[in-house]
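Student: Take a look at the following structure, please.
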Amino acid sequence: MEPFRYNTQTCVYFGRHSMRDNAEQLKELGKKAAIVTTKFVGDAPNLALQDTVAVLEELGTAYVVLDNVETDPPVENIVSLYEELDGFWPDYVIGVGGGAALDVAKALAQFINDGAGEPYNLFFWPGHLLNNYCNMCDIPVVAVPTTAGTGSEVTGGAVLTRSDKDTKESMNMWLYPKIAFVDPRYLETSPQFLLDTGAIDALAHGVEGCLHKDANIMNRSISFAAFDLFSHFKDALLEGELTQEQFDDLSAHSLMQGVSFMQSCTTIPHGMGYPLSQHKNVPHGLACGIFLGEYLKAFRDQSLVLPIVKACGFEDSDEFAEYVRKLTNRDVDIEVTEEEIEYWTDQFMKIQKWRLEANPEELSREDINRLYRTALAKYIK
Ligand SMILES: [Fe+2]
């Protein structure tokens, strides 16, 4: 067997009411907490925030709620949330919400820990990456995800928007949440497109994480168990009618694919999806999903991908691609030009070389260009 690395650092409590039923875990983290969350659209109740506040009050923990997390959070968002603390120094930070809220919780904890220096230097100093700057933060982070997709509750990365480079980047230091309370109830009031984008993001994490050259027996086992869960809810997701048990499966699928892809990484579809998110405002999961089916269909050696698509409940990669296409097409309405496709292809070949190197089959510029054209055919004007 090939040597491998397996690393996971978060204690996960999964299940309905998992935070309430394991509240004593928070007691050990301290007496003061900062809750980082997102303002919900309209009058939608933030059930996870209500649960968190109830638990902290029950424990007698002092807390502050910072609810100004922005979408695609810019570095400046961390600074303004830090200023909102106004001298309230938390013993720990709780992220309540989707990937953005969890990522901001990580970045804010690191920012407080490191003395609130110049934020770009702090988050993106190359030395942090080279020195394996991992969990060098004395302020623990607790993750309470309300979406199923990013897996941020068990990953070390925090994606922030850099206004200096007009791009999104993960901060260079790694910070894994100490505890994650994953409660499928929080998904039940999600709008359909959020369920779609999350499910496809998680699916892409699993598919790419298994095909990555660094994939190993541990993460592939976890992913394959999660693909089986996917097969249980995929048709109901398309119909928009999930049962309670299927919401549980959806939630566990995302969590498990998060653990899996942290052992290897994402590859081609994630890299190809970035321009769609950045320039066309396509949500991250759907942006990756647009390429996922065509990526699998394009494998010269289909025996590499067949076990994956079969575990997901499909006959072959054509059927897999058809399903993903249905799910992404109903939520994506964009226009792209020939020039954009050429530019994105060039950018991919220039910036995302490491993704090509991690892919089990060699891909040329022509291959990437063909993938862009085939996957985006419906949108080319
Ligand atoms: Fe992703």
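Student: Would it be correct to say that Tyr323 is within 14 Å of Gly273 (Cα to Cα) and either at pLDDT 95 or above or outside the structural domain of Thr267 (by TED's automatic domain parsing) (or both)?
Tutor: no
Yes/no per residue for (1) in the same structural domain as Asp367 (by TED's automatic domain parsing); (2) without any contact (Cβ under 8 Å) to a residue 60 or more places away in the chain; (3) of a type outside the set (A, V, I, L, M, F, W, C):
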| site | (1), (2), (3) |
| --- | --- |
| Asp228 | yes, no, yes |
| Leu238 | yes, no, no |
| Leu242 | yes, yes, no |
| His253 | yes, no, yes |
| Gly258 | yes, no, yes |
| Gln278 | yes, no, yes |
| Leu286 | yes, no, no |
| Tyr295 | yes, no, yes |
| Arg300 | yes, no, yes |
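Student: Which count do you get for residues in the stretch 67-79 that are farther than 14 Å from Thr38 by Cα and free of Cβ contacts under 8 Å to residues at least 60 places away in the same chain?
Tutor: So the count comes out to 1.
Student: Test each condition in (1) out of contact with any Leu (no Cβ under 9 Å at 6 or more places or on another chain); (2) under 16 Å from Gly97 (Cβ atoms); (3) in the same structural domain as Leu296 (by TED's automatic domain parsing) for Met218 and report the one that comes out false.
Tutor: So the condition that Met218 fails would be (2).
Student: Would you check which residues across the stretch 272-283 are under 19 Å from Thr337 (Cα atoms) and surrounded by 22 or more Cβ atoms within 10 Å (Cβ to Cβ) and list them?
Tutor: Of everything in the stretch 272-283, those that are under 19 Å from Thr337 (Cα atoms) and surrounded by 22 or more Cβ atoms within 10 Å (Cβ to Cβ) turn out to be Met272, Gly273, Leu276, Val282.
Student: Determine, yes or no, whether Pro126 is under 16 Å from Asp248 (Cα atoms) and not β-branched (Val, Ile, Thr).
Tutor: On the way: under 16 Å from Asp248 (Cα atoms): no; not β-branched (Val, Ile, Thr): yes.
The answer is no for Pro126.
Student: Do any helices (runs of 4 or more DSSP H) entirely within the stretch 217-294 hold 3 or more residues that are under 25 Å from Glu362 (Cα atoms) and away from the ligand (no atom under 15 Å from the Cβ), and if so, which?
Tutor: Working: elements: 217-239, 244-261, 268-280.
In the stretch 217-294, 217-239 are the helices (runs of 4 or more DSSP H) which contain 3 or more residues that are under 25 Å from Glu362 (Cα atoms) and away from the ligand (no atom under 15 Å from the Cβ).
The values are calculated or read from the model by the stated rules, or taken from the named source; none is laboratory data. In this text, all values refer to a predicted model and were calculated from it rather than measured experimentally. Here Cβ is always computed from backbone atoms with ideal geometry, including for glycine, and neighbour counts include all displayed protein chains.
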